[in-house]
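Bear in mind these aren't lab numbers, they're just calculated from the coordinates by the rules spelled out. What you see is a predicted model; the values in this text were computed from it and never measured. Cβ placement follows ideal geometry from the backbone for every residue including glycine, while neighbour counts extend to all protein chains displayed.
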Amino acid sequence: MDEHLHAVMLPLLGVLMVVMGFALRLNPLIVVTIAGIFSALLAGISPLHILNAFGTGFANSRSISLAFIVLPVVGLAERFGLQQRAKMLIDRAAALTAGRLLLVYLFVRQTAAALGLTSIGGVAQMVRPVIYPMAEAAAMRIGGDELPDDVTDEIKAHAAAADTVGAFFGEDIFVAIGSVLLITSYVDANYHLKLDPLQIALWAIPTAIAAFVTHGLRLLRLDRTLVGRLSANARKTEAD
Amino acid sequence: MITAEWIYWLAGGFFLTTGIEIALDRSHAKRWTNALFWSLLGGSFFYGSFLGRLPSWPLGLSVIAMALVAGCGLTSAGAVETTSEAQREESARRKGDLLFVPALTIPLVTILFAVGLSRVTLRGLPLLAHGEATLIGLGVAVMAALFVGTLLLRPKQPFVSLREGRRLLETVGWAVLLPQMLTVLGGLFTQAGIGTDVGLIAEHVAPLDSRIVAVIVYALGMALFTVIMGNAFAAFPIMTAAVGWPVLVKHFGAHPAPMFAIGMLAGYCGTLCTPMAANFNLVPPALLEMRDKYRQIKVQIPTALALFVVNVCFMLVLPFA
């Protein structure tokens, strides 16, 4: 590479700062602010221009944060027991295997996220108090009351993964979620297009279906794995 | 013609009210810094509507001030009054499935606007500004859901939903600002020519004169950048400026909506594999008291790899159909 190319590459140090900052677990807001200012200065952009860029960048990306205006509605429903009601509904489906239960949860989580209801579910509110205990109880029907540590870890990992996969590949179908609005606001601000958020949301549907099928099949295979491991385990206990 | 501008004021009003409520809350541990953060955020939403007439740099200063206040750990959630677990159980039994109605109102009304009213014209002019139908719908939907919710649930204090909203907003905390900050960073990186740089590197690494290679470079770049940064939001502006826009859309004529939508989802495959996305991949194992803190990532990797291949196939076909 010639010297000119080296000078052009200098602002890339900003990317390196972001990587380092995140790797060192520094607060992302600080990392992003400093890395942005730093690489702009390296590229020879004046301080006033940088301030202007922060201002216009913020103003043009306000649509991302519009996702938060639903919080008063969600909070109101939570105050009157929305989470508790959802628990009551899922409790009725207790006659399921661990894998099938998690498959149902994956479906509910993904569908709710697609409707913009990402606060229905989540590891803290839903998986730990409801979904994991139910999945464990289902596994106990084949493995007895004392499950091996390795098996409980496997069920916990799958319960958390079902939540994450469901949320990720569901939320992008909802038009007012941050990632959809990030795409439209970034592209509109930088390339002078007018992308409709609904278009972006609709194009997330094929991948959402693929995600449900792929991860769903793996959850059904989890049942076979659990049966294999737990019945072997039960035989061993009997032989002892 | 109705534009989306008033919805920014609705959001600004919500943030500003949160700031004022915190300023009046004597019990709040970090009362004044929190009040400053949320008030600045709310004020900035209003200011942003007048950038043509007002200079941009004061808004830039306000944004940097917010980032510093929140980034230095000067904000944290206060204790907001809400119902107890027992009260909620009892209420859930009494209200039943009506509880789902306010939440379901939001997507229903939003879709109604985005699909039904986006093509309506009034005296030759569109009723809703072009490309803003969904956002306008969201604003109307939230107002409708609050109305329906108050009617159905009959809270004793009429404005309790604002306080409940503040409770949740404070739970999210400074992370509220992060997606917008990453967009600002992307914009600065673009102005500093970093997208072009990554594009130059990508060109040196792989020949982008083939459509198939270009799609793979875009998808792989999204996934790898996301693994490093822990967030597909940060990868999107960089990879789109480097490959997505100049090569795939401008040169090969890809349709931008499917290309960018699925490109973002290729990034999500990276999110499933990285400890950098700590809130998704490391907090749950801690909450579930797992022995192996990386087991959730190990469980997610096969799904991520399979979906990555599926996404690349979609990106080769759908944007060019």
Per-residue mean of other chain beta-carbon atoms within 10 angstrom of the beta-carbon, peptide A:19-30? 5
Average beta-carbon neighbours from other chains, 10 Å sphere, peptide B:133-146: 5
Cα-based Rg and Dmax for chain B, in Å, come out at 22.8, 66
Can you list residues from other chains, or at least 5 along the same chain, whose modelled amide H is less than 5 Å from the amide H of B:Ile2? B:Leu128, B:Ala129
What is the total of Lys pairs in the protein assembly as shown with C-alpha atoms under 24 Å apart, excluding same-chain pairs fewer than 8 positions apart? 7
Selection from B:Thr33, B:Ile7, B:Leu122, by position along the positive dipole direction of the stretch B:1-176 (Cβ): B:Leu122
Span from the the stretch B:1-56 Cα centroid across to the the stretch B:81-96 one, whole angstrom: 31 Å
Express in nm, to one decimal, how much length is gained between B:Arg291 and B:Ile20 on full extension, taking 0.36 nm for each residue of separation and deducting their alpha carbon distance. 93.2 nm
Quick one: which of B:52-63, B:33-44, A:62-73, B:141-152 comes out on top by average Cβ neighbours within 10 Å, and what's the full order, highest first? A:62-73, B:33-44, B:141-152, B:52-63
Can you pull the semi-axes for the stretch B:8-125, root of five times each eigenvalue of the Cα gyration tensor, sorted largest first, whole Å? 32, 30, 10
With a/c under 1.5 counting as rounded, go ahead and sort the stretch B:259-321 into rounded, prolate or oblate using the C-alpha gyration tensor (a ≥ b ≥ c being the square roots of the eigenvalues; past the cut-off, prolate if a/b is larger than b/c, else oblate). prolate
Farthest positive-ward along the protein assembly as shown dipole, Cα basis, beta-carbon charges - from B:Val69, A:Gly144, A:Gly55: A:Gly144
Quick one: grab Rg to one decimal and Dmax as a whole number for the stretch B:182-320, Cα atoms only, in Å. 15.7, 50
Grab the DSSP H runs of chain B that are 4 residues or longer, score each as -39,500 (n - 2.57), total them, divide by all residues and round the 222 nm result to the nearest 500 deg cm²/dmol. -21000 deg cm²/dmol
Note: the stretch A:136-229 at 4 °C, 1.567 mPa s; Kirkwood Rh on alpha carbon pairs; Stokes-Einstein D in µm²/s works out to 82 µm²/s
State the percent of C-alpha pairs, over all pairs in the stretch A:3-60, separated by a distance greater than 20 angstrom. 32 percent
Where Rh is the Kirkwood radius over the Cα pairs of the protein assembly as shown, the temperature 25 °C and the viscosity 0.890 mPa s, what D in µm²/s does Stokes-Einstein return? 100 µm²/s
Can you give the FRET efficiency to the nearest 0.05 for B:Ala86 and B:Leu117, using r as the Cβ-Cβ distance and R₀ = 30 Å? 0.10
Say R0 is 30 Å: what FRET efficiency, to the nearest 0.05, do A:His192 and B:Leu127 get from their beta-carbon distance? 0.80
Positive minus negative residues near A:Ala208 (Lys, Arg vs Asp, Glu; Cβ under 15 Å): -1
Ranked packing of A:26-34, B:174-182, most packed first, by mean Cβ within 10 Å: B:174-182, A:26-34
When a/c reaches 1.5 or more, the comparison of a/b and b/c decides; with that in mind, is the stretch B:50-204 rounded, prolate or oblate per its Cα gyration tensor? oblate
Beta carbons within 10 angstrom, averaged per residue: use that to sort the peptides A:16-24, B:236-244, B:82-90, A:213-221, highest first. B:236-244, A:213-221, A:16-24, B:82-90
Once you average over the residues of B:35-47, how many Cβ atoms of partner chains fall within 10 Å of each Cβ? 1
